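Right, one structure below, let's go through it.
The values are calculated or read from the model by the stated rules, or taken from the named source; none is laboratory data. Not measured: the values here are computed from a predicted model. Cβ: placed from backbone, ideal geometry, glycine included. Neighbour counts: every protein chain shown. Just so you know, the surface numbers come from the protein's heavy atoms only, side chains and all, with ligands and any DNA or RNA stripped out. Shrake-Rupley method; radii C 1.70, N 1.55, O 1.52, S 1.80 Å.
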Amino acid sequence: MKHDLIFRHLVLLIGVVLISLTIRAQEKNNISRQGNVVSLKGADHYLRLEFCTPAMVRVRESKSTVFIPDEPWMVIKYDWAPVAYQVKSDAISYVITTDSLSISINKQSLLLSIYNERGELLSDEKGIRLNSEEDTVGVLKSMATDEHFFGFGERMDFLDQRSKMLHLSVGRGEAKDHLLGAYNVTEANYSPVPFFMSTKGYGIFLHNAFPSTWDMGNTNQHQYSFCAVGGELDYYFIKGKKFAAIMDGYTSLTGKAPLMPRFAFGLHMGTYAGGTWGYEEMTSDSYVIALARKMREMGIPVDILWLDSTWRLFGEKGGKGATSFEWRETFRNPKHMFDTLYAMNYKMVGLHLRPRFDNGKNIKLLDTAQQRGYTFPEDHYPGEFVNFFDTASANWWWNHGVMRVASIGAKFLKTDEGSAFGGLANESDKTGPQGKNIPSLHNLFPLAYAKTPYEKFQQLNGIRGMNQTREGFAGIQRYPFIFAGDWPSEWQYFAPVIKAGLNIGLSGVGNWSHCMGGFEHNADPELYMRWVQFGMFSPVALVFGMDHPGYKEPWNYGTAALNNFRKYDSLRYALIPYIYSNAFRMYQAGIPLMSALVMHYQEDENVYNITDEYLFGNDLLVCPVTTKGARSRTVYLPEGNWINYWTKERQPGHKYIEVACEADVLPLFVKEGSIIPMQPAMKYMDEFVAKTITLDIYPGSKCSTELYEDDGNSLDYKMGKYATTHITCNDGISNLRINMGKPAGSFIPPSHNYKLKILFDHCPVSVMENGTTLPSGSVTTAKAGWYYDKGAKELWIQTQLDNQDNIEVVINK
């Protein structure tokens with residue numbers, strides 16, 4: 001009996017061991033590791049986790065073990081350094097941990113729950129959809145009661161997208177009535193980006209180019225979901241306590257905005273050469289030359305000019321919507337026009353075009369391209385669109401089309417209407433290619449369309465690339481800027497355009513622009529003034545209009561509007577050292593030049609729906625006036641202390657104030673503790689070498705800046721050839737100390753001294769520079785000294801030494 005009992009226990013033990021070994025064998029078959037990749041098999045599908053960093057993981061789910069190959073258009077980085085992680089298992093779940101994340105995965109459903117390093121739940125999957133009958137892929141997640149979402153591209157409807165339903169596909173409203181179609185701000189979608197940042201400390205990028213729908217708590221206030229109409233369920237989860245960290249992660253995937261040439265932060269001006277649509281016979285190269293000369297004679301700073309669509313002969317097939325690369329006969333000598341413009345120190349002159357080939361009177365590019373297979377095929381037709389997805393086709397377009405104009409002086413393109421590929425064109429019912437995968441290519445086409453001329457002109461010109469485009473998708477920030485589209489010159493569209501700039505910045509696109517004063521219709525002079533104020537404090541300053549005969553040229557809207565244009569254009573050029581330094585910061589970390597307040601103050605719920613204020617760079621709070629006739633407006637000042645740029649009045653933050661704003665006054669505030677580097681006024685960029693850099697200083701408890709300098713044109717900055725100057729201001733009990741270090745780095749900037757303009761509430765006892773007392777009474781660039789302006793409460797100091805030395809200025813109170 002005793003032996004039987006022992007035998008039974010032994011059999012039972014062996015059974016338990018065998019079951020355990022079987023389970024372990026099954027688990028081994030269900031999970032595998034290879035480098036940064038963990039592959040799992042669930043009850044009905046497969047999951048692959050690819051760790052990019054300890055804080056970022058790619059999540060891929062499929063019915064098949066074969067995943068879609070990596071694409072080159074949206075994401076440019078797939079190769080990551082090794083990430084340390086651990087895998088543990090219990091009866092229900094696998095748990096994978098890094099230094100920043102803990103991911104719990106249900107063994108059967110493969111649903112994920114993601115926690116931060118403190119064990120706080122960030123994201124919890126409730127369900128997934130993989131290639132269902134509707135051919136959609138998507139995921140359902142829980143949503144916290146205090147969670148808010150920002151991003152999604154160049155949207156003009158809302159900033160905080162909590163409780164909203166969004167559809168992301170490149171294009172605009174399709175109704176024939178422009179008021180409900182092309183001008184519909186709720187359907188405007190020129191540059192959608194399937195990416196958001198959550199106030200709970202994470203971001204998600206859906207790595208899928210098919211049109212997608214995002215239900216951000218619209219259907220159920222406790223859940224959100226996103227799904228695409230094809231492709232693979234493939235998304236990146238990016239953990240970051242601050243939005244800045246999430247943005248850095250996202251732009252490390254899709255690319256940082258490159259530094260544009262320094263002169264590209266000056267004014268861009270577009271022209272129809274005297275004749276917009278319906279007035280084509282009035283166009284001429286002499287009009288362009290006269291326009292450029294008048295800007296110079298009137299002392300209005302400008303550096304870049306482009307000719308819009310009426311330079312080219314509209315062809316026999318596509319009309320306005322295609323490009324023949326044949327000049328309209330009203331342009332007598334285009335090469336002479338280019339040469340004359342460059343002789344007036346315009347840095348770049350470009351041309352507008354559209355992505356279809358066409359036949360002109362003498363050049364039959366469409367016929368030849370179709371015969372050689374360089375157009376994207378359509379149903380039973382060779383097609384008209386340049387196949388920018390094919391290198392040979394793109395090269396043929398460049399060599400036989402673009403080089404016809406580049407060889408005589410064109411240096412960049414405005415690549416317009418990329419949304420027409422697989423979608424409705426502006427002026428016709430043409431939709432181009434159609435088919436199952438075309439909706440995905442429709443969203444990628446603007447990237448390929450902008451990429452080719454950006455890279456080709458960069459190589460041809462021998463300097464940083466330039467391209468202006470209207471449409472985009474994830475990754476468009478690389479090529480290098482977009483504009484907001486053709487919005488009418490009406491007050492009702494002004495505020496939504498500002499909103500578009502804030503949203504696209506929250507989506508990784510930092511170089512962005514719009515048509516000052518609006519595009520279509522004649523502008524109300526007051527609207528023109530207000531829009532120009534905003535435009536000069538936008539990442540790219542761009543003036544262009546379609547209204548005949550005004551064309552948004554600054555002298556066509558009255559004396560006050562002209563003076564306003566000069567004032568803010570000149571101020572922008574003075575701020576170039578500040579703008580350029582912040583542009584380098586954007587290249588390094590992805591922080592946009594024009595930032596919604598939530599980018600920097602995400603803990604402050606007051607800023608979640610502020611759509612008419614933003615930070616320009618790190619230190620300037622810009623508050624455009626969007627109401628006709630307004631002579632004051634309400635401003636929210638976030639945390640910290642703020643100084644009115646015009647009146648120098650100090651205000652504590654975290655409150656609303658009312659501020660006066662006459663027609664020529666843009667409400668503008670400086671954060672206490674800021675140092676704003678500025679240069680002398682110029683008619684165009686680098687008109688002369690600046691011998692003095694002005695430091696506009698607003699002392700505070702923390703006061704420092706980095707002045708960035710490089711050659712302004714080459715790609716050497718990518719190899720580290722640049723200089724940064726560390727500047728600090730320390731406010732003590734008895735003195736104020738300002739230190740300007742020598743430039744650090746392999747680039748040697750031109751020598752310059754400093755003029756300090758300091759907000760100071762009384763006349764100091766004395767001022768010293770490196771131990772030497774400076775004389776008081778005057779400030780000139782030729783003689784060191786200091787002067788106190790009692791009325792303005794500004795202390796002016798001219799240094800004797802230049803940036804070849806470490807300089808310390810001590811102001812004895």
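Model label points for K77 and T219, set 7 angstrom from Cα along the Cα-to-Cβ axis, are 3.5 nm apart.
Of the trypsin sites (Lys or Arg not before Pro) found in the stretch 606-680, those in coil by DSSP whose Cβ has at most 12 other Cβ atoms within 10 Å are K628, R631. Other residues with beta-carbon under 15 Å from the beta-carbon of E808 carry, at +1 per Lys or Arg and -1 per Asp or Glu, a net charge of -2. On the beta carbon distance between S64 and R33, with R0 = 22 Å, the FRET formula returns roughly 0.65.
The chymotrypsin sites (Phe, Trp or Tyr not before Pro) found in the stretch 39-112 include none that occupy coil by DSSP while having at most 10 further C-beta atoms within 10 Å. Backbone N atoms of the stretch 336-358 closer than 20 Å to the 7 Å Cα→Cβ label point of W277 belong to residues 351-358. Tell me, what is the FRET efficiency for I733 and K783 to the nearest 0.05, using R0 = 30 angstrom and their Cβ-Cβ distance as r? E(calc), rounded to 0.05, equals 0.45. Across the stretch 607-614, coupling constants 3J(HN,Hα) worked out from phi with the 6.51/-1.76/1.60 Karplus curve, θ = phi - 60°, read 8, 4, 10, 7, 10, 10, 9, 6 Hz, and Gly and Pro carry x.
Taking the inverse of the mean 1/r over every pair of distinct Cα atoms in the chain gives a Kirkwood hydrodynamic radius of 28.7 Å. Each 10 Å bin, from zero up to the one with the longest distance, holds this percent of the alpha carbon pairs of the stretch 647-718: 13, 32, 33, 18, 4.
Specify, per residue and in Å³, the volume enclosed by the convex hull of the alpha carbon atoms belonging to the stretch 369-486. Walk me through the numbers on the way to the answer.
Working: hull volume 13.2 nm³, N = 118.
Convex hull of Cα atoms, per residue: 112 Å³.
How big is D, in µm² s⁻¹, for the stretch 86-151 by Stokes-Einstein at 20 °C and 1.002 mPa s if Rh is the Kirkwood radius over C-alpha pairs? The diffusion coefficient I find is 160 µm²/s.
For a Förster distance of 51 Å, can you work out the FRET efficiency between the beta-carbons of R332 and Y656, rounded to the nearest 0.05? That pair, R332 with Y656, gives E of 0.30. Global dimensions of the stretch 206-270 from alpha-carbon coordinates: Rg and Dmax equal 17.4, 49 Å.
Using a 7 Å offset from Cα along Cα-Cβ at K317, what residues in the stretch 338-359 end up with backbone N under 15 Å from the label point? Output list for this probe position: 354-359.
Given a 1.4 Å probe and every protein chain left where it sits, what share in percent of the accessible area of the chain is carbon and sulfur?
Values: 16000 of 30770 Å².
About 52 percent, which is the carbon plus sulfur part of the accessible surface.
The separation of the stretch 317-377 from the stretch 438-495, counted between C-alpha centres, amounts to 18 Å.
Phi angles of the stretch 465-480 translate, via the Karplus equation with coefficients 6.51, -1.76, 1.60 and θ = phi - 60°, into HN-Hα couplings of x, 9, 7, 10, 9, 9, 9, x, 8, 4, x, 5, 4, 7, 10, x Hz per residue; Gly and Pro are given as x. Other residues whose C-beta falls under 10 angstrom from the C-beta of L47 contribute a net charge of +2, scoring Lys and Arg +1 and Asp and Glu -1.
In this label model, A84 and R404 are separated by 6.1 nm, measuring between points 7 Å along each Cα→Cβ vector.
Under the combined filter of DSSP loop state and at most 12 neighbouring Cβ atoms within 10 Å, the stretch 70-143 retains these GluC sites (Glu not before Pro): E120, E133, E134. Remark: relative contact order (the chain) = 9 percent; criterion is Cα-Cα distance under 8 angstrom and separation of 6 or more residues.
Counting only heavy atoms of the protein chains and using a 1.4 Å probe, K757 has close to 30 Å² of accessible surface. Using the Karplus relation 6.51 cos²θ - 1.76 cosθ + 1.60 with θ = phi - 60°, the per-residue 3J(HN,Hα) values for the stretch 586-602 come to 5, 4, 6, 10, x, 5, x, 4, 10, 10, 4, 4, 5, 4, 10, 10, 5 Hz, with x marking Gly and Pro.
Listed peptides 223-231, 200-208 appear in the order 200-208, 223-231 once ranked by packing, highest mean of other Cβ atoms within 10 Å at the front.
Charge tally for K414 (other residues, Cβ to Cβ under 11 Å; Lys, Arg +1; Asp, Glu -1): -1. Heavy-atom accessible surface of the chain, averaged per residue, reaches 38 Å², computed with a 1.4 Å probe. Site pair K176 and Q588 shows an inter-label distance of 5.6 nm when each label is modelled 7 Å from Cα along Cα→Cβ. Can you give me the angle between helix 438-461 and the longest principal axis of the chain, using Cα atoms only, in degrees from 0 to 90, rounded to the nearest 10? Once rounded, the angle reads 40 degrees.
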